[in-house]
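> The structure follows.
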Amino acid sequence: MTFSISAEFIAEQNSKKESHLAEDHAALGRQLARRGVDIEAVTERAMDYAVAVPTWGVGTGGTRFARFPGPGEPRHVFDKIEDCGVIHQLTRTTPTVSPHIPWDKVSDYSALRQKAASHDLSFDAVNSNTFQDAKDQIRSYKFGSLTHADVGTRAQAIEHNLECIEIGRKLGSSALTVWIADGSNFPGQSNLNAAFDRYMDSLKAIYDELPKDWFVFLEHKLYEPAFYSTVISDWGSSFMAASELGPKAKCLVDLGHHAPNTNIEQIVARLIRAEKLAGFHFNDSKYGDDDLDSGSVDPFRLFLVFNELVDAELRKASGFNPAYMIDQSHNVTDPIESLMQSASEILRAYVQASLVDRHALALAQAESDVLGGHLLVKQAFITDVSPILAEARRRKAGAIDPIGVYRASGYRNQKAQERPASTTASAGIV
Ligand SMILES: [Mn+2]
C-alpha cells in the first residue's frame, strides 16, 4: 500500500482558508465588475484551463556539472505517474502527462495507461530522444541523429521515432514532439544546407507514418549542445520544415530556446497567423535554456505570450489549438512543488490575459493612443488574480494552497521511505 493524499485531508486543510478566500474572491469580483468583467465567467475559464506535465520533470534535474538527487525520487515511470497525480490532485490544472521514450519505456503499456487513469491522468504528446545513446543501441548519435551523415544512423533515428508513435498510440496520445540535438561545434564540421536536407528526408519518413489524427511538433532551439550551428535553430527553420511537410506538422515554442531579449510573443503571433503553432514548452530563463520555473523570472513575458493566445482564442483564429506543456529542470527545489507553482503561474498568465479589455484596446490602437493601449494591457497584468486561481482549484476539489497542503501532507517523507534511493533515475533537459 503506497501513501496518497486523501480528499478528506485536502478538504480539512481547505476549510481553514475558505472564509478568507470567499472574502477575497468577492472583493475582486466587485473590482472587476466596475471594469465590466464578470468574475464568474473568468473563474469558469480558469477551471477549464489545462497544461501538461512532463514525466521527466518530477525527477530532480541537474546541470552539466552535477546532479543533487532529492529524497523519495521516482524510480520509474509508475512512480512518476504517482507524483504527476499529486500535482493534478492539488492544482486541478494538469490532467495530462507528456511521456519520454526511452526513459518511460515499459513492457505493458495498457498497465501504464490504467495507472495514469487511476490518478485521473491521460497522456499528451510523446517525446522522442535521439540526443543520447540508449542502452544496446547499435549506432551512436555523437555526431547527429536524424541529420547524421551516415544513412544507417539516420534510419535508426527514424525507426526510434516510429516506435514512439507506436507507443503513443497505445497510450492514447495523438502527437509526437521531435527535438534533435543535431548541429555542429566547429565551422566546417557540417554542411549547413545538406544537414537541413537530411532533416527533411528523415522527417518526411516519420510524417508519412503518422496516424490520421496525429500531429508532429517540431521543436527548435538556438544552441546547446551544438554551439556553432544547430540544424533547427529557430522558428524560421522550424516553419520552413513544417510548411514543407504538410498540415500535420507544426512548430513548438519552448520559451527557453531563443536568444536573450527575443520577442517571443511576436513569434507566437506569426505562427498563429500561419496556423502553424503546435504549442508550448513553458519554462523561464534569465540567460539561455535555463529551464527555470514558469513565471519565476519574467512573469510579464509569460503574460504577453498569453495575451496573444487569448486574443487568438477569442477571435476564433483559424486552426488555433495549441498544446500546452511544461518543460523544466528542477535542480534545487522539490520538483512537485516547482511543477505545482509553475502550473499555477501559467494559469495566472492565462487569467490575467483574459482580463484585457480587447474592445477598448482595439480602439486605442486604431486611434494611435500609445499609452492608452499600453495601460489597458498593463492593467490586466497588475491585477492580482490569486483569488480566482484558488477558487477555481477549490471548486474542483483541489487545494486552495497546493504547496501548503503538499507540505502538510508529508508526501515527500512518505515517498522517501517507500522509494529507496536509486542512482539510475533519469532526468533530462529537452
Ligand atoms: Mn522543450
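The values are calculated or read from the model by the stated rules, or taken from the named source; none is laboratory data. Quick caveat: nothing in here was measured; it's all calculated off a predicted structure. Cβ atoms come from the backbone with ideal geometry, glycine included; neighbour counts cover every protein chain shown.
> Determine whether Ser229 is in contact (Cβ under 8 Å) with a residue 40 or more places away in the chain and among the hydroxyl-bearing types (Ser, Thr, Tyr). Give the steps one after another, and end with the answer.
On the way: in contact (Cβ under 8 Å) with a residue 40 or more places away in the chain: yes; among the hydroxyl-bearing types (Ser, Thr, Tyr): yes.
Taking the combined requirement at face value, the residue satisfies it.
> Considering Thr55, Thr93, which residue is at pLDDT 95 or above, among the hydroxyl-bearing types (Ser, Thr, Tyr) and in contact with a Cys (Cβ under 8 Å, 6 or more places away or on another chain)? It would help to see each step written out before you state the result.
Working: Thr93 fails: in contact with a Cys (Cβ under 8 Å, 6 or more places away or on another chain).
Of the residues listed, the single one that is at pLDDT 95 or above, among the hydroxyl-bearing types (Ser, Thr, Tyr) and in contact with a Cys (Cβ under 8 Å, 6 or more places away or on another chain) is Thr55.
> Inspect segment 9-29 for any residue being of a type in the set (Gly, Ala, Ser) and not in a helix (DSSP H, G or I) and give the result as yes or no. I'd like the intermediate steps shown before the answer.
Here is the first cut: in segment 9-29, the residues of a type in the set (Gly, Ala, Ser) are 11, 15, 19, 22, 26-27, 29.
Those still in the list that are not in a helix (DSSP H, G or I) too: none.
There is no residue in segment 9-29 that is of a type in the set (Gly, Ala, Ser) and not in a helix (DSSP H, G or I).
> Another one. Scan segment 323-332 for residues that are assigned to a loop (DSSP other than H, G, I, E, B) and either crowded, with 22+ Cβ neighbours inside 10 Å or within 14 Å of the ligand (Cβ to nearest atom) (or both) and jot them down.
The answer is Asp327, Gln328, Ser329, His330.
> If you don't mind, another one. Restricting attention to segment 137-148, which residues are surrounded by fewer than 20 Cβ atoms within 10 Å (Cβ to Cβ) and either touching a residue at least 24 places away in the same chain (Cβ under 8 Å) or closer than 30 Å to Leu121 by Cβ (or both)? Can you show your working first?
Of the residues in segment 137-148, the ones surrounded by fewer than 20 Cβ atoms within 10 Å (Cβ to Cβ) are 137-140, 142-143.
Scanning segment 137-148 gives a single hit, Gln137.
> Only one of Asn307, Asn261 is more than 16 Å from the ligand (Cβ to nearest atom), buried (at least 22 other Cβ atoms within 10 Å of the Cβ) and either part of a loop (DSSP other than H, G, I, E, B) or over 15 Å from the mean Cα position of the chain (by Cα) (or both). Can you tell me which?
From the options Asn307, Asn261, the qualifying one is Asn307.
> Right, another one. Going through segment 174-230 one residue at a time, which ones are among the basic types (Lys, Arg) and within 16 Å of the ligand (Cβ to nearest atom)?
Within segment 174-230, the first condition is being among the basic types (Lys, Arg), and the residues that meet it are 198, 204, 212, 221.
If the condition is that a residue be among the basic types (Lys, Arg) and within 16 Å of the ligand (Cβ to nearest atom), then Lys221 is the only one that fits.
For (1) away from the ligand (no atom under 16 Å from the Cβ); (2) assigned to a helix (DSSP H, G or I); (3) modelled with pLDDT of 95 or more; (4) surrounded by 15 or more Cβ atoms within 10 Å (Cβ to Cβ), each residue gets a yes or a no:
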| position | (1), (2), (3), (4) |
| --- | --- |
| Leu389 | yes, yes, yes, yes |
| Arg394 | yes, yes, yes, yes |
| Ala397 | yes, no, yes, no |
| Tyr406 | yes, yes, yes, yes |
| Arg412 | yes, yes, yes, yes |
| Lys415 | yes, yes, yes, yes |
| Ala421 | yes, no, no, no |
| Thr424 | yes, no, no, no |
| Gly428 | no, no, no, yes |
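> Now, a different point. Restricting to segment 190-214, count the residues that are among the hydrophobic types (A, V, I, L, M, F, W, C) and crowded, with 21+ Cβ neighbours inside 10 Å.
Taking segment 190-214 and keeping what is among the hydrophobic types (A, V, I, L, M, F, W, C), we get 192, 194-196, 200, 203, 205-206, 210, 214.
From what is left, the residues that are crowded, with 21+ Cβ neighbours inside 10 Å are 195, 203, 206.
Number of matching residues: 3.
> Ok, one more. Considering only segment 41-77, how many residues are touching a residue at least 24 places away in the same chain (Cβ under 8 Å) and under 20 Å from the mean Cα position of the chain (by Cα)?
Residues in segment 41-77 being touching a residue at least 24 places away in the same chain (Cβ under 8 Å) and under 20 Å from the mean Cα position of the chain (by Cα): 20 in total.
> Being away from the ligand (no atom under 16 Å from the Cβ) and either closer than 25 Å to Arg348 by Cβ or in contact with a Cys (Cβ under 8 Å, 6 or more places away or on another chain) (or both) narrows it down to one residue among Ile267, Ile272; which is it? Working first, answer last.
Details: Ile267 fails: away from the ligand (no atom under 16 Å from the Cβ).
Every option except Ile272 fails the conditions.
> Next question, about the same structure. Just for segment 90-115: of the residues that are surrounded by 24 or more Cβ atoms within 10 Å (Cβ to Cβ) and part of a helix (DSSP H, G or I), which one is farthest from the chain's Cα centre (by Cα)?
So, considering only residues that are surrounded by 24 or more Cβ atoms within 10 Å (Cβ to Cβ) and part of a helix (DSSP H, G or I), the one farthest from the chain's Cα centre (by Cα) is Leu90.
> Kindly indicate whether Ser238 is polar (S, T, N, Q) and either touching a strand residue (DSSP E or B) at 6+ places or on another chain (Cβ under 7 Å) or touching a residue at least 60 places away in the same chain (Cβ under 8 Å) (or both). Walk me through it before giving the result.
Working: polar (S, T, N, Q): yes; either touching a strand residue (DSSP E or B) at 6+ places or on another chain (Cβ under 7 Å) or touching a residue at least 60 places away in the same chain (Cβ under 8 Å) (or both): yes.
Answer is yes for this residue.
> On the given criteria, is Ala278 of a type in the set (Gly, Ala, Ser) and away from the ligand (no atom under 13 Å from the Cβ)?
Numbers: of a type in the set (Gly, Ala, Ser): yes; away from the ligand (no atom under 13 Å from the Cβ): no.
Considered against the rule, which asks whether it is of a type in the set (Gly, Ala, Ser) and away from the ligand (no atom under 13 Å from the Cβ), Ala278 comes out as no.
> What number of residues within segment 87-102 are out of contact with any Gly (no Cβ under 6 Å at 6 or more places or on another chain) and either among the acidic types (Asp, Glu) or on the phi > 0 side of the Ramachandran plot (or both)?
0
> I'm told Ser294 meets every condition in (1) within 16 Å of the ligand (Cβ to nearest atom); (2) small (Gly, Ala, Ser); (3) surrounded by fewer than 22 Cβ atoms within 10 Å (Cβ to Cβ) except one. Can you identify the failing condition by its number?
Going through (1) within 16 Å of the ligand (Cβ to nearest atom); (2) small (Gly, Ala, Ser); (3) surrounded by fewer than 22 Cβ atoms within 10 Å (Cβ to Cβ) one by one, Ser294 breaks only (3).
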